[in-house]
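Some notes on the structure that comes next.
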Amino acid sequence: MSGNIVLISGANQGIGFEIAKQLSVIPNYHVLLGSRGLEKGESAVLQIKNVGGSVEAIQLDITDGQSITAARDLVETKYGRLDVLINNAAILLDFQVNADYTLGQAMQDTFATNTSGAANLVETFLPLLKLSAVPRVVFVSSTVGSLHTFADFKPSYTMTKYFAPAYACSKAALNMLMLLYNVQYQEKGWKINACCPGFRQTNFCDYDDKAGPVEEGASVAIELATLGKDGQSGTFVNMKGAIPW
Ligand SMILES: NC(=O)c1ccc[n+]([C@@H]2O[C@H](COP(=O)([O-])OP(=O)(O)OC[C@H]3O[C@@H](n4cnc5c(N)ncnc54)[C@H](OP(=O)(O)O)[C@@H]3O)[C@@H](O)[C@H]2O)c1
């Protein structure tokens, strides 16, 4: 198949779904909508097909090595390469910490998805990305993972009052992972970047009415997913531009 083959993890709902919807209607983009539950993925695909998107569901649990390998084999057989990988799937467990569920356990569980899961996904798909003319890898991160923002905190800055250590550390580590891959592949023409979608109304924040529309949250990831050969690499950005590391 000519055009761009895109794989998005955790795309059956929230920001991942929105990225899938918006990318799949761009000419020459075909989206593989990753979902750990295939049924949820299929129903998301139906919604996107109703608006004319080029999309199909793919079972993908990023904490399950067999699921990642099976997804890689399927993409290889069907398309022979991958052009864009969007690491979007993540969890937030900090608010479940209590006497029986320690912060240490929450950190291990959070890292298993947000960081190690993303790393396994990239590693497994490297051989297929290498076959793309302009491989692009997008890490959906968060400003909450910005060390500088917390080091330079102002009492008035509400975001730094957000105490979610497992989540924040997992995203700071994800940013480092992005930079490490960037060092390896930037000179070969790859476009590897991290972004923050901003505070968005999704399941993640219990559809908080102070959060912005999810549709807008997808825009920065779309920009990074569609970069051409002169595009940026090794950046951490939101809709307004660079985020301090
Ligand atoms: N919403 C915000 O305000 C906000 C702000 C900054 C950054 N972000 C980032 O944006 C990304 C998307 O978040 P969201 O707000 O869209 O959250 P969401 O609505 O909760 O969606 C998360 C997605 O990840 C999937 N997922 C979780 N664990 C998975 C696993 N092991 N394997 C595969 N998929 C898995 C979920 O699948 P199920 O449906 O099966 O649970 C779901 O599809 C995350 O990386 C998050 O950190 C969000």
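The values are calculated or read from the model by the stated rules, or taken from the named source; none is laboratory data. Keep in mind the model is a prediction, meaning the values are calculated, not measured. Because the Cβ atoms are built from the backbone with ideal geometry, glycine has one as well, and the counts that use them run over all protein chains shown.
Of the residues making up segment 1-33, those that are among the small types (Gly, Ala, Ser), within 13 Å of the ligand (Cβ to nearest atom) and not in a loop (DSSP other than H, G, I, E, B) are 14, 16, 20.
Scanning segment 171-201 for residues that are modelled with pLDDT of 95 or more and of a type in the set (D, E, K, R), we see that the one that is farthest from the ligand (Cβ to nearest atom) is 187.
Residue 204 - would you say it is in contact with a strand residue (DSSP E or B) (Cβ under 6 Å, 6 or more places away or on another chain), within 13 Å of the ligand (Cβ to nearest atom) and aromatic (Phe, Trp, Tyr)? The answer is no for residue 204. For segment 34-43, the condition of being part of a strand (DSSP E or B) and within 13 Å of the ligand (Cβ to nearest atom) holds for at least one residue. Count of segment 175-201 residues, restricted to those that are touching a strand residue (DSSP E or B) at 6+ places or on another chain (Cβ under 8 Å) and either of a type outside the set (Ser, Thr, Tyr) or farther than 12 Å from residue 234 by Cβ (or both), is 17. Scanning segment 197-225 for residues that are buried (at least 19 other Cβ atoms within 10 Å of the Cβ) and closer than 21 Å to residue 26 by Cα yields a count of 8.
Go through segment 70-169 and tell me which helices (runs of 4 or more DSSP H), entirely inside it, have 2 or more residues that are within 14 Å of the ligand (Cβ to nearest atom).
Correct list: 103-114, 116-129.
Test residue 210 against the stated conditions and say whether it is more than 27 Å from residue 120 (Cβ to Cβ) and in contact with a Gly (Cβ under 9 Å, 6 or more places away or on another chain). Here the answer is no, as residue 210 does not meet what is asked. Looking only at residues of segment 207-236 that are within 13 Å of the ligand (Cβ to nearest atom), assigned to a loop (DSSP other than H, G, I, E, B) and hydrophobic (A, V, I, L, M, F, W, C), we find that the one that is farthest from residue 4 (Cα to Cα) is 211. Taking the residues in segment 44-68 that are within 18 Å of the chain's Cα centre (by Cα) and away from the ligand (no atom under 14 Å from the Cβ) as candidates, determine which candidate is surrounded by the fewest Cβ atoms within 10 Å (Cβ to Cβ). This residue is 56. Within the option set 168, 164, being modelled with pLDDT of 90 or more, farther than 30 Å from residue 228 by Cα and more than 16 Å from the chain's Cα centre (by Cα) holds for one residue only, 164.
Counting only residues that are modelled with pLDDT under 95 and out of contact with any Cys (no Cβ under 7 Å at 6 or more places or on another chain), segment 204-228 holds 13 of them.
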